[in-house]
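Please find one structure pasted underneath; my questions will follow.
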Amino acid sequence: MAELRRSPNGPADGSADKPGGLGRRRFLGYLVAAPTLAVAVSWAAEATDPQRAYASVPTLPQPEELFDLGDLQNLAAAPTSGLISVQVNTDGTASFAVPRAEVGQGMTTAIAMMVAEEMDLPLEKVSVTLADARPELMMNQLTGGSNSMRSMYVPVRTAAAIARQRLVETAAAQWGVAASGLSTRNGVVTGPGGRTASYGSLTTAAASRQTTAVSATLKSPSTFTILGKPQNRIDAHDIVTGRKKFGMDLQVPNAKPTMVARPPTINGTVVSVNNAAAVRAMPGITDVVAITHGVAVRGDTFGQCIDAIQALDVTWGPGTVDRESDDTVKAKLRAAQVPMTVPPLLSKTIDAEFTFAFASNSPLEPDNAIADVRPDRAEIWASLKVPIVAQEQIAARLGLPVSAVKVHVVEGGGSFGRHLFHDVAAEAAEISQKMGKPVKLSWSRTDNFRQGRTHPMSISRVRVNYALGNVLSYEQRHTSVQTDFGHGLGEMITATAAHLPVGGNLSFAETIFELTQSSPYNFGVTTQVLNEVPLKFNTGSMRNIYSPNVVCAQELVVDQLAAKMGKDPVRFRREFLRDQRLLAVLNKAAEAGNWGKPMPAGTAQGIGLHSEYRGAVAVLAEIDCRPQTVNRPIRGEGVTGPRVTRALVVVDAGFAINPRGLEAQMIGGVQDAIALVLTSSLHVRNGIPLEGSWDNYFYTRQWNSPLDLRVIIMPNTSDTPSGAGELAVAPAVAAIACAYARATGAMPTSFPINHGTLGFEPLPLEPSTPQSPTDGLDHTF
Amino acid sequence: MPSHTFKLNGKQVTVEAENNVRLLWVLRDLLGVTGPKYGCALDVCKACTSHINGKAFNPCSVQVSDIKPTDEITTIEGLPATVGKDLHPMQEAWLDYDVAQCGYCQPGQIMAAVAKVKQARAAGHEVSDADVDELRNICRCGTYTRIREAIKAGARKM
Ligand code: FES
Ligand code: FES
């Protein structure tokens with residue numbers, strides 16, 4: 001059943017103490033010929049298992065077994081032969097290059113913890129870097145769907161365990177004793193009589209002359225000293241001192257600041273540049289060239305690029321959605337809705353429809369990329385989650401062989417879905433080729449909101465039939481502007497499609513939907529269907545893809561059902577839930593969050609549940625919708641509105657690798673949810689969003705964030721981690737929406753709730769990037 | 001090209017730049033000081049927050065010609081030196097509370113926090129939730145909860 005795919009009730013991953021559990025199995029890896037000890041493992045967890053290592057495609061789970069988007073990514077990764085490796089250096093440190101992007105989710109910290117744990121090495125002696133694009137890793141090099149931790153957990157630990165084993169064997173041989181009598185701690189091997197050797201002193205001798213297959217067992221979770229224990233981020237010190245280098249901070253010789261004047265509608269084109277020579281003569285400006293969707297300017301400083309954009313006189317051609325506005329898009333979505341299959345019965349019926357506005361997935365760091373394109377080769381630096389696809393497509397556009405394009409993955413200032421695409425890297429390459437010079441391209445903040453990728457508008461219709469205390473049918477029709485999955489996830493699914501348990505001729509998007517959505521309730525006949533309308537907006541998935549919208553609609557209707565049946569929302573859910581792990585987090589949230597406590601009129605609690613990526617989360621939110629709160633004054637421009645005063649997240653993440661990092665992801669998810677329900681959206685008018693700054697696109701600010709936000713991590717229910725990065729968004733959106741409905745007595749049907757009124761004066765469409773203010777010294781504090 | 005001189009992180013610097021170039025670009029693009037981040041150049045996101053003569057300001061919205069030779073500019077890189085240590089207590093609190101996610105907003109958050117605590121003290125009280133609510137710095141990763149805790153802890157050691 002669908003819900004079992006999401007959140008297995010039992011220890012389906014195998015427990016360490018049972019035969020077949022991770023603890024007893026031996027895993028395969030390779031000693032690689034190198035000057036110092038280097039151990040490689042195949043990327044896919046399945047391939048490290050000797051029983052399955054030689055099958056080209058691992059045994060496929062059946063539909064009724066565990067399978068979700070993360071599994072799909074693991075599966076697509078399995079047949080490839082690319083190896084990832086741990087190296088032990090002569091200074092006693094271990095290095096590991098991760099073929100994944102770090103964009104704030106704490107992945108590098110978790111990987112370092114895995115290496116440190118299995119090697120018995122202090123965490124600070126493990127260095128983790130981001131790997132360049134490696135075509136041989138194929139789709140393994142994709143960071144998305146909260147999948148990194150899950151797919152790396154076994155391979156990374158295997159490599160580290162083999163490294164430790166080899167160091168021990170080397171010491172044993174040098175000392176002429178049995179390896180079984182040696183122990184390791186803190187990067188040191190200790191033998192009989194207390195003699196010791198550091199890993200650094202052993203690594204040259206431990207190096208292999210040829211590549212040899214070896215196997216090792218992994219530690220039992222009961223002996224973990226690092227994994228499962230809270231750890232701070234390994235890059236925290238660099239961050240707080242300003243030393244962490246983001247893409248924008250890299251210095252590549254002669255890669256001067258570059259920006260683009262953009263058309264007044266999405267994907268507009270250039271008809272003519274009317275004053276290029278005059279702009280080229282402006283102070284600091286070196287180049288002006290027309291590109292596909294704008295006019296690029298390169299100069300000594302980004303400030304001078306902004307000056308040039310003010311001065312450019314361009315005649316623009318039409319874009320791809322010039323006639324579209326919120327209303328026209330909504331009408332198209334309505335017209336495309338797939339009908340319900342169950343008619344209103346003699347029983348009672350709830351019919352509800354919810355609209356979710358366009359939203360921006362822009363991180364705080366504006367999109368940027370460095371490109372140095374020469375006639376015969378190119379080098380790109382960008383934060384990319386799918387660097388291989390970027391490499392291939394950029395090479396094709398530049399007319400270069402793939403091997404002549406080097407793509408470096410750099411640290412990104414947040415992603416939330418944006419870095420799945422390489423639009424900006426490709427644009428930087430186009431500009432560098434046309435100018436014949438290296439460029440450091442940055443989109444402006446306004447570009448990011450107006451021309452960047454969006455999470456598209458969607459409408460979710462729900463029909464429920466119920467009678468005599470039972471729910472007979474639950475149908476949900478989610479209709480969305482098409483989400484672009486053309487970033488690698490698409491190719492991955494094509495390659496894997498034949499093996500998927502969903503069957504039929506589903507599109508990429510429908511497959512993603514099927515793999516991430518399911519109702520956790522016993523609601524009789526249940527159908528959830530996605531239909532997409534192809535419109536030429538620049539779309540992409542946003543943190544948690546469809547779930548925040550789908551689950552919000554679902555949980556609001558569940559509250560309605562509970563009310564119609566005269567039941568308390570928590571009691572109702574307890575009675576209808578099929579998923580035991582969700583039931584456990586629900587019960588914990590209700591108890592720890594003091595569900596049902598008396599609250600003043602205009603304030604209320606709300607509960608939301610969701611399981612995905614094999615994790616289960618309950619969120620209990622409290623909201624204050626009283627006029628004195630809604631209208632509280634804020635200095636300067638800013639949106640207030642209802643305030644979420646308290647939020648409690650209860651999470652069962654299977655095995656919590658780093659509880660501290662997991663808590664951080666849950667906190668971030670709640671702040672996203674506050675924005676999505678209450679304050680942040682794009683208003684599309686005549687082919688472009690009106691939002692142009694963070695004071696327009698109103699992501700949660702400190703004054704809208706709850707003073708009381710608590711995260712409870714349930715005891716581990718598995719040996720393997722679930723996804724974490726996106727888990728909290730959907731249930732938190734649902735909880736806040738339900739709390740709002742209960743506080744105001746009216747179920748909201750359009751999100752965010754303030755979308756109907758435009759709370760700002762839009763910035764002009766031209767120039768596309770506004771001039772910076774000059775009165776900063778009047779606002780010091 | 002006009003030349004401009006001011007004190008940057010304890011050292012007198014001189015830089016050639018057109019008068020209207022905003023200080024953020026002088027710092028980042030000409031002097032290579034990349035702690036202050038570009039998030040909007042509209043005085044909105046506050047990712048570039050630094051200090052001028054000990055007060056928080058946003059260099060994306062100040063022309064370099066408006067900076068006087070005697071002005072002292074402190075960026076995140078120079079913050080520890082203002083207390084003569086390796087780390088300012090606010091940076092230590094940021095580590096203790098493991099605040100950062102992607103980290104892009106954090107230099108600005110820390111600089112704003114230090115100024116907020118001092119501002120509250122100058123007004124005769126310790127930094128309160130109401131003061132923290134006045135901070136406009138965006139954190140798109142949503143680290144606000146830990147920022148709030150870290151500000152209070154950092155203030156106690158300042
Ligand atoms: S970059 Fe200065 S306030 Fe945003
Ligand atoms: S930590 Fe990513 S924006 Fe704040």
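Mind running the shape call on the stretch B:80-157? Use the C-alpha gyration tensor, a ≥ b ≥ c as the square roots of the eigenvalues: rounded below 1.5 for a/c, prolate if a/b tops b/c, oblate otherwise.
Taking the square roots of the gyration eigenvalues as a ≥ b ≥ c, the stretch B:80-157 is oblate.
Output ³J(HN,Hα) for the stretch A:245-260: one whole-Hz value per residue in order, computed from phi by the Karplus curve 6.51 cos²θ - 1.76 cosθ + 1.60 with θ = phi - 60°, and x for Gly and Pro.
9, 8, x, 5, 9, 6, 10, 10, x, 6, 7, 7, x, 9, 9, 10
Quick one: if you stick a label point 7 Å off each Cα along the C-beta vector at A:ARG334 and A:ALA213, how many nm between them?
Going from the A:ARG334 label point to the A:ALA213 one covers 6.3 nm.
Run lengths n ≥ 4 of DSSP H only: what is the helix-derived mean residue ellipticity at 222 nm for chain B, with -39500 (n - 2.57) per run over all residues, to the nearest 500?
Details: 4 runs with 44 residues, N = 158.
Taken over chain B, the calculation gives -8500 deg cm²/dmol.
Now, a different point. Of all beta bridges DSSP finds with both residues in the stretch A:377-487, what is the antiparallel percent, to the nearest 5? Don't skip to the answer; put the middle values down first.
Numbers: 10 of 15 bridges.
Once the DSSP bridges in the stretch A:377-487 are tallied, antiparallel ones form about 65 percent.
Filter the cross-link list B:LYS37/B:LYS116; A:LYS125/B:LYS118; A:LYS385/B:LYS85; A:LYS330/B:LYS37; A:LYS385/A:LYS536; A:LYS385/B:LYS116 down to pairs whose alpha-carbon distance in this structure exceeds 27 Å.
The answer is A:LYS125/B:LYS118; A:LYS385/B:LYS85; A:LYS330/B:LYS37; A:LYS385/B:LYS116.
In whole angstrom, how far apart do the alpha carbon centroids of the stretch A:526-593 and the stretch A:716-751 sit?
Using only Cα atoms to place each centre, the spacing works out to 7 Å.
Let me ask something else. Determine the distance separating the Cα centre of the stretch A:151-226 from the Cα centre of the stretch A:415-483; give it in Å without decimals.
46 Å
DSSP loop (so not H, G, I, E, B), at most 14 other Cβ within 10 Å: list which trypsin sites (Lys or Arg not before Pro) in the stretch A:197-263 pass both filters.
Numbers: sites: A:ARG209, A:LYS219, A:ARG233, A:ARG243, A:LYS244, A:LYS245; in loops: A:ARG209, A:LYS219, A:ARG233, A:ARG243, A:LYS244, A:LYS245.
Hits after loop and neighbour filter: A:ARG209, A:LYS245.
Which shape class, rounded, prolate or oblate, goes with the stretch B:1-142 when its Cα gyration tensor gives a ≥ b ≥ c as root eigenvalues, a/c under 1.5 marks rounded, and past that a/b bigger than b/c marks prolate? If you can, show how the numbers build up before the last one.
Details: a/c = 1.74, a/b = 1.55, b/c = 1.12.
Note, shape of the stretch B:1-142 comes out prolate.
List every residue whose amide H lies under 5 Å from the amide H of A:LEU384, counting only residues 5 or more places away in sequence or on a different chain, with H placed 1.01 Å from N in the peptide plane.
Residues meeting the amide H criterion: A:VAL410.
Non-local amide H neighbours of B:LEU8 (under 5 Å, H modeled in plane, Pro and chain starts lacking H): which ones?
Under 5 Å from the amide H of B:LEU8 lie the amide H atoms of B:VAL13, B:ILE73, each far enough along the sequence or on another chain.
Given that compact globular proteins tend to follow 2.2 N^0.38 Å, what is the ratio of the alpha-carbon Rg of the stretch B:3-74 to that value?
Working: Rg = 10.8 Å, N = 72, 2.2 N^0.38 = 11.2 Å.
Ratio of Cα Rg to 2.2 N^0.38 Å: 0.97.
By accessible area of protein heavy atoms, probe 1.4 Å, what ranking do B:TYR144, B:TYR97 get, highest first?
B:TYR97, B:TYR144
Note down the accessible area of A:VAL270, probe 1.4 Å, to the nearest 10 Å².
40 Å²
So how do A:743-751, A:29-37, A:700-708 stack up, highest first, on mean other-Cβ count within 10 Å?
A:700-708, A:29-37, A:743-751
Here's a follow-up. Taking a probe of 1.4 angstrom, what is the accessible area of A:MET457 in Å², to the nearest 10?
Spelled out: A:MET457, probe radius 1.4 Å, area about 10 Å².
Please compute the contact order of the stretch B:80-157 in relative form: average sequence separation of alpha-carbon pairs under 8 Å and at least six residues apart, divided by the residue count, as a percent.
Working: 74 pairs, mean separation 35.0, N = 78.
After rounding, I find 45 percent.
Something else now. Provide the solvent-accessible area of A:LEU676, counting protein heavy atoms only and rolling a 1.4 Å probe, rounded to the nearest 10 Å².
Around 40 Å² of this residue is reachable by solvent.
In square angstrom, what is the accessible area per residue of the stretch A:310-435 with a 1.4 angstrom probe?
38 Å²
Using a 1.4 Å probe and counting only protein heavy atoms, arrange A:ARG26, A:ARG646 so the residue with the most accessible area comes first.
Descending accessible area places them as A:ARG26, A:ARG646.
A further question on this structure: Leaving ligands, DNA and RNA out of it, rank A:LEU556, A:LEU535 by accessible area with a 1.4 Å probe, largest first.
Descending accessible area places them as A:LEU535, A:LEU556.
If you don't mind, another one. Whole angstrom only: what separates the Cα centroid of the stretch B:78-117 from the Cα centroid of the stretch B:1-34?
So the separation of the two Cα centres works out to 23 Å.
The values are calculated or read from the model by the stated rules, or taken from the named source; none is laboratory data. Keep in mind it's a predicted model, so treat the numbers as computed, not measured. Ideal geometry is used to build each Cβ from the backbone, glycine not excepted, and the neighbour counts take in all protein chains shown. Just the protein is used for accessible areas: all its heavy atoms, side chains included, with ligands, DNA and RNA removed. Shrake-Rupley method; radii C 1.70, N 1.55, O 1.52, S 1.80 Å.
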